[in-house]
Amino acid sequence: MTLPLCFAPEVRAALDAGRPVVALESTIITHGMPWPQNYETAQAVEAEVRAAGATPATIAVMGGQIHIGLSPQELEKLAQTPDAMKLSRADLGFCLATGQTGATTVAATMICAHLAGISVFATGGIGGVHRGAEDSFDISADLLELGQTPVTVVAAGAKAILDLPKTLEVLETHGVPVIAFGQDELPAFWSRRSGLKAPLRADSAAEIATAHLMRARMGLNGGQLVANPIPAEAEIPREEIVPVIEAALSDATAQGIAAKEVTPFLLARIYALTEGRSLAANIALVLNNARLASAIAREIADAPM
Ligand code: PSU
Ligand code: MN
């Protein structure tokens, strides 16, 4: 049985020629942003990757195939499928078997990117250890995937809806390098600052690319998490976002939101409570991550074998 991979022609051509490719996830499209900003953002992120000298490969499952790169029509259709499955490692095989439409989370996108031979992936934020995890056991599968699949993931740190110290502890346990870009502090998605020191710091895409290749040479499993701070002009400072997060979290508790629903619920609540400001910040940080991921992918593609 061959793998059910369906490559967009431009992605296939780039991979065959050894040119840089950047994977992009699709849960942010179906579960992370409202229509039509989700579609506009997905297109803008792809354009940003192209402008930065790489080929974008947005990943999703449709019709029993893992699509590595979507046509504009496929992207628009996905953006209008709010009931798409939210796919993590647990769901990929089932979604393919049943022919449903599924959007890939960070974990599932890493798996698919690796199968496709893509080593760099840009997203907004990763899942992590949720607050109250000592009772709920809610720890995103994204963290365990970073511990086992060799893809470098560029995110804006982890959302402050999470328990960030516990998230760092789990990443450390699983041997995941967490590399803040251009600063010592771990960025916290909508804010540049978290109050926590990042375990590692890099100041250039080349350093991150070299570390990725070094890990591969040593046969180390697992990826790298690059925590790229949101551009200063787009950030929502910690003092402003923290009370909003607290309000969204108590709404989630009051409404009994659990499991896969938690992250989409909190993002939608924070969007409403900030009157759209959180979405503008989210878009700016994803574009910023697409640029850095493209630079890392270029360095990897240019590295001597
Ligand atoms: N970052 C965003 N929007 C999102 C997500 C991340 O800006 O929608 C998604 C990613 O796909 C991530 C997922 O993998 O949320 C984590 O979900 P959970 O906490 O249920 O593992
Ligand atoms: Mn979860």
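The values are calculated or read from the model by the stated rules, or taken from the named source; none is laboratory data. These numbers come from a predicted model, not from an experiment. A quick note on method: Cβ atoms are made from the backbone with ideal geometry, for glycine too, and the neighbour counts reach across all protein chains shown.
Here is a list: T41, T2, T30. Which entry is within 16 Å of ligand 1 (Cβ to nearest atom), closer than 20 Å to L92 by Cα and of a type in the set (S, T, Y)?
The conditions single out T30.
So, in region 116-125, exactly how many residues are touching a helix residue (DSSP H, G or I) at 6+ places or on another chain (Cβ under 7 Å) and near ligand 1 (Cβ under 7 Å from one of its atoms)?
2
Checking I270 against (1) within 30 Å of V11 (Cα to Cα); (2) within 14 Å of ligand 1 (Cβ to nearest atom); (3) of a type in the set (A, V, I, L, M), only one condition comes out false. Which one?
Tallying (1) within 30 Å of V11 (Cα to Cα); (2) within 14 Å of ligand 1 (Cβ to nearest atom); (3) of a type in the set (A, V, I, L, M), I270 fails exactly one: (1).
Quick check on my filter: what residues within region 8-47 are more than 26 Å from T263 (Cα to Cα) and in a helix (DSSP H, G or I)?
Across region 8-47, the qualifying residues are P9, E10, V11, R12, A13, A14, L15, D16, A47.
Does A113 meet the test of being of a type in the set (G, A, S) and either within 11 Å of ligand 1 (Cβ to nearest atom) or in a helix (DSSP H, G or I) (or both)?
When the stated conditions are applied, A113 passes them.
So is N221 of a type in the set (S, T, N, Q) and surrounded by fewer than 16 Cβ atoms within 10 Å (Cβ to Cβ) or not?
Taking the combined requirement at face value, the residue satisfies it.
Does A90 meet the test of being of a type in the set (G, A, S), surrounded by fewer than 19 Cβ atoms within 10 Å (Cβ to Cβ) and within 17 Å of L146 (Cβ to Cβ)? Don't jump to the end; show me each part of the working.
Values: of a type in the set (G, A, S): yes; surrounded by fewer than 19 Cβ atoms within 10 Å (Cβ to Cβ): yes; within 17 Å of L146 (Cβ to Cβ): yes.
Here the answer is yes, as A90 does meet what is asked.
Among the residues of region 48-69, which ones are closer than 15 Å to C6 by Cβ, touching a helix residue (DSSP H, G or I) at 6+ places or on another chain (Cβ under 7 Å) and not in a strand (DSSP E or B)?
The answer is G64, G69.
Here is a yes/no grid of residues against (1) within 16 Å of ligand 2 (Cβ to nearest atom); (2) at pLDDT 95 or above:
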residue	(1), (2)
M62	no, yes
Q65	no, yes
S71	no, yes
M85	yes, yes
A97	no, yes
A108	yes, yes
H130	yes, no
I139	yes, yes
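State the number of residues belonging to region 1-43 that are over 16 Å from the mean Cα position of the chain (by Cα) and of a type in the set (A, V, I, L, M).
9
Sort out which residues of region 126-156 are under 21 Å from R215 (Cβ atoms), more than 8 Å from ligand 1 (Cβ to nearest atom) and not in a loop (DSSP other than H, G, I, E, B), and write them in order of number.
L143, L144, E145, L146, T152, V153, V154, listed by residue number.
Evaluate the following for A284: is it under 27 Å from Y39 (Cβ atoms), at pLDDT 90 or above and not in a loop (DSSP other than H, G, I, E, B)?
yes
Mind checking whether some residue in region 168-178 is touching a residue at least 24 places away in the same chain (Cβ under 8 Å), in a loop (DSSP other than H, G, I, E, B), more than 27 Å from P56 (Cβ to Cβ) and out of contact with any strand residue (DSSP E or B) (no Cβ under 8 Å at 6 or more places or on another chain)?
yes
Only one residue in I161, I126, I208, I118 is crowded, with 24+ Cβ neighbours inside 10 Å, farther than 25 Å from P231 by Cβ, of a type in the set (V, I, T) and in contact (Cβ under 8 Å) with a residue 40 or more places away in the chain, so which one is that?
It is I118.
Restricting the search to region 139-177, which residues are more than 18 Å from A297 (Cα to Cα) and among the β-branched types (V, I, T)?
Across region 139-177, the qualifying residues are I139, I161, T167, V170, T173, V176.
Modelled with pLDDT under 95 and either closer than 26 Å to L87 by Cβ or touching a strand residue (DSSP E or B) at 6+ places or on another chain (Cβ under 8 Å) (or both): is that true of V226 in this structure?
No.
Considering only region 146-154, I want to know if a residue exists there that is within 22 Å of G32 (Cα to Cα), out of contact with any strand residue (DSSP E or B) (no Cβ under 7 Å at 6 or more places or on another chain) and buried (at least 24 other Cβ atoms within 10 Å of the Cβ).
No, the conditions are met nowhere in region 146-154.
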